[in-house]
Amino acid sequence: MKILQEKTFIRRCITDTLSGIREGLSRFSGESRVAVIYCLAPNADLFILDPQNLLYGYEPKLKEIYLDSCAWRQQDKFIFNRNTFNQIEPVPSLQLDGRVSCGGKSGSVFYQMWFTEHHPDVCSIGPTERWLEHAVLRFSHDIADERSLYTGISGSFLREYATHAVYDYIVDMINLRLGLDTRIDIYHVLDSVLGISKTPEESVRPHGKLLFVEPRFLSGITFLARFRKDERPKVNHFKHVRKLLQAVEHSDRKLISDGTSIIGITEGFLPEFHLTADFQGKIGFLSLENEKICSFIHGSYTSNTYRARLVEVEEALLDYDLDAGSRDSLFQAIVAIVHSAQNKKFGCALVIDLAKDKAFISGQDINPPIDLRLPNQLDLACALSKVDGALHLRPDLHLHAFACLLDGHCIDGEDRARGARYNSALRFTAEHPQTIIIVVSADRPVSVIQHGKEIHNRNCLTAPTRCAIHPEPLEQWLASR
């Protein structure tokens, strides 16, 4: 009976923690799966919980690491003692392609390794790694507690961990570069950035850059305007800061803050180390020096870059008889046009006509066609994408027409919630199998359509339908694959 209660307690700890991470990361980075491999004691069995088949396809690597070798069991200087559950000894990431992993050893859990997806459109995996690091600590803490004291708070805390993950990553980077004596309250900065981002001025969301600089580096900044010390706006006075951002929007000027107040305005030399909040209307980005850490939207931090990676287009182009140089040049032109539309926040559509004979599409023909290999011509193509209708591109790397109207017969799979541009693309590609259409929405989502369907990353392995809801021995799990 006691053994059964212990197993039930462990299963509850691991499933609550895993669910909390999955739900939190899904809000932070988009739909995310999570898995864990763990061993409670030096001579105990190794278990795995992978309810959504995140590790499908990695079985040979896991077998090599965990079954063919005992290196992961080596204790070195680590002493397994249940009373030292807060002392986490990190273990190296498994470096699986397309996966983020983080693990550790502690006095209550001899070995644990947490996994999640490495989404291609994230600003940085740093906050995600900190999320998994904290899961290591929480699981260690829960297992060390008595069963009667378990509340399940770890799962709830990890579900809401986004701001803390960003904080942990920024603090780690500051400590590495500046030491432990920074005077900026990062939590205060993060709360202020979200508050400012949600504060409109005459119904317009903020634009412009706000830089947070360690006070000891302020003397090296040349200010265009510096405010009197007793009149400096506090960064948490959101309305005041929002008004000041109007002085730096759409320019090279920046507001400078010491983390507490707005010191002044500069456009010159910046200190070597600074944290930048770049407000871009509805969304914004947080960067440390030149490294983009995360984005923020609707009062929350996310990892999304809000820039289309167009992996599906790159994959689809491989199916056509194009030489490598032409394929790459065509793809780069497509990316430039799509990113231009996203940056300027308007919708458009691109018809990539890869048939041997040019398809007839009603629109404004261009004679001669625009050469997309020339920077000024590519800029013109980006501008023409704003005109109602689609762009017509060919594998000769030229834009042949703009303002094109796409027609076709009604097909299954249309989505009235997506609008005319999207559904017209579905119809047109159903009748023109040698075309790929890219639909960019004004609110930044991008759809890639071929053969009357929206296509997704085809390199994703089709996972088995088997779904595990309880931990099972890793050896048994591998044998069942």
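Scanning the range 177-204 for residues being closer than 14 Å to Lys243 by Cα, without any contact (Cβ under 8 Å) to a residue 40 or more places away in the chain and of a type in the set (Asp, Glu) gives a total of 1. Restricting the range 298-315 to residues that are within 18 Å of the chain's Cα centre (by Cα) and β-branched (Val, Ile, Thr) leaves a set whose member that is modelled with the highest pLDDT is Thr302.
When the range 357-380 is filtered for residues that are outside any strand (DSSP E or B) and free of Cβ contacts under 8 Å to residues at least 24 places away in the same chain, the ones remaining, listed by number, are Asp357, Phe360, Leu374, Pro375, Asn376, Gln377, Asp379, Leu380.
Ala359 meets the conditions (1) closer than 27 Å to Thr305 by Cβ; (2) modelled with pLDDT under 95 in every case but one. The failed one is (1). Here the strands (runs of 3 or more DSSP E) wholly within the range 85-149 that include at least 2 residues being touching a Gly at 6+ places or on another chain (Cβ under 9 Å) and not hydroxyl-bearing (Ser, Thr, Tyr) are 89-91, 111-117.
Looking at His470, His456, just one residue is touching a helix residue (DSSP H, G or I) at 6+ places or on another chain (Cβ under 8 Å), at pLDDT below 90 and assigned by TED's automatic domain parsing to the domain that holds Pro60, and that residue is His470.
Only one of Ser340, Ser295, Ser329 is at pLDDT 90 or above and touching a Phe, Trp or Tyr at 6+ places or on another chain (Cβ under 6 Å). Can you tell me which?
Ser295
Condition (residue is over 26 Å from Ala162 (Cβ atoms) and crowded, with 19+ Cβ neighbours inside 10 Å) applied to the range 266-283: is it met by at least one residue?
Yes; the residues of the range 266-283 include at least one that is over 26 Å from Ala162 (Cβ atoms) and crowded, with 19+ Cβ neighbours inside 10 Å.
Selection of the range 31-59 for residues being touching a residue at least 12 places away in the same chain (Cβ under 8 Å), surrounded by fewer than 21 Cβ atoms within 10 Å (Cβ to Cβ) and acidic (Asp, Glu) yields Asp45, Glu59.
When Leu318 is tested against the conditions (1) under 30 Å from the mean Cα position of the chain (by Cα); (2) surrounded by 13 or more Cβ atoms within 10 Å (Cβ to Cβ); (3) at pLDDT below 95, the lone failure is (2).
Results for (1) within 22 Å of Asn304 (Cβ to Cβ); (2) touching a strand residue (DSSP E or B) at 6+ places or on another chain (Cβ under 7 Å), shown as yes or no for each residue.
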residue: Phe115; (1), (2): yes, yes
residue: Asp121; (1), (2): yes, yes
residue: Ile125; (1), (2): yes, yes
residue: Ser140; (1), (2): no, no
residue: Gly155; (1), (2): no, no
residue: Arg159; (1), (2): yes, no
residue: Tyr167; (1), (2): yes, no
residue: Ser203; (1), (2): no, no
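Here His237 meets the list (1) under 20 Å from Ser287 (Cα atoms); (2) of a type outside the set (A, V, I, L, M, F, W, C); (3) at pLDDT 95 or above almost entirely, failing just condition (1). Restricted to the range 299-315, and to residues there that are in a loop (DSSP other than H, G, I, E, B) and in contact with a Lys or Arg (Cβ under 6 Å, 6 or more places away or on another chain), the residue that is surrounded by the most Cβ atoms within 10 Å (Cβ to Cβ) is Tyr306. Taking the criterion of being among the charged types (D, E, K, R) and out of contact with any Gly (no Cβ under 9 Å at 6 or more places or on another chain), the residues of the range 185-241 that qualify are Asp191, Glu201, Glu202, Lys209, Arg216, Arg228, Lys229, Asp230, Glu231, Lys234, Lys239. A single entry from Leu132, Leu96 fulfils the requirement of being within 19 Å of the chain's Cα centre (by Cα) and crowded, with 20+ Cβ neighbours inside 10 Å: Leu132. Looking at Leu190, Leu218, Leu224, Leu210, just one residue is under 24 Å from Leu25 (Cα atoms) and in the same structural domain as Lys282 (by TED's automatic domain parsing), and that residue is Leu190. One residue is enough: does the range 213-220 have a residue meeting the conditions hydroxyl-bearing (Ser, Thr, Tyr), in a loop (DSSP other than H, G, I, E, B), modelled with pLDDT under 95 and surrounded by fewer than 16 Cβ atoms within 10 Å (Cβ to Cβ)? So far as the range 213-220 goes, no, none of its residues is hydroxyl-bearing (Ser, Thr, Tyr), in a loop (DSSP other than H, G, I, E, B), modelled with pLDDT under 95 and surrounded by fewer than 16 Cβ atoms within 10 Å (Cβ to Cβ). Out of the residues in the range 151-164 meeting the condition of being out of contact with any Asp or Glu (no Cβ under 6 Å at 6 or more places or on another chain) and under 15 Å from Asp16 (Cβ atoms), tell me which one is surrounded by the most Cβ atoms within 10 Å (Cβ to Cβ). Checked the range 151-164; the qualifying residue surrounded by the most Cβ atoms within 10 Å (Cβ to Cβ) is Leu158.
For Glu475, the conditions (1) in a helix (DSSP H, G or I); (2) acidic (Asp, Glu); (3) modelled with pLDDT under 85 are fulfilled apart from (3). Looking at (1) in a helix (DSSP H, G or I); (2) surrounded by 21 or more Cβ atoms within 10 Å (Cβ to Cβ), can you tell me which one Tyr167 breaks? Condition not satisfied by Tyr167: (2). Among the residues making up the range 205-216, those that are on the phi < 0 side of the Ramachandran plot and either touching a Leu at 6+ places or on another chain (Cβ under 9 Å) or free of Cβ contacts under 8 Å to residues at least 40 places away in the same chain (or both) are Pro206, His207, Lys209, Leu210, Leu211, Phe212, Val213, Glu214, Arg216. Pairs linking a residue in the range 390-411 that is farther than 10 Å from Gly363 by Cα to a residue that is in a strand (DSSP E or B) and small (Gly, Ala, Ser), with Cβ atoms under 8 Å and 6 or more positions apart or on different chains, are Asp407/Ser362. Scanning the range 221-252 for residues that are more than 27 Å from the chain's Cα centre (by Cα), among the aliphatic types (A, V, I, L, M) and in a helix (DSSP H, G or I) gives Val241, Leu244.
The values are calculated or read from the model by the stated rules, or taken from the named source; none is laboratory data. These figures come from a predicted structure and were not determined experimentally. Heads up, the Cβs are rebuilt from the backbone with ideal geometry, glycines too, and the neighbour counts pull from every protein chain shown.
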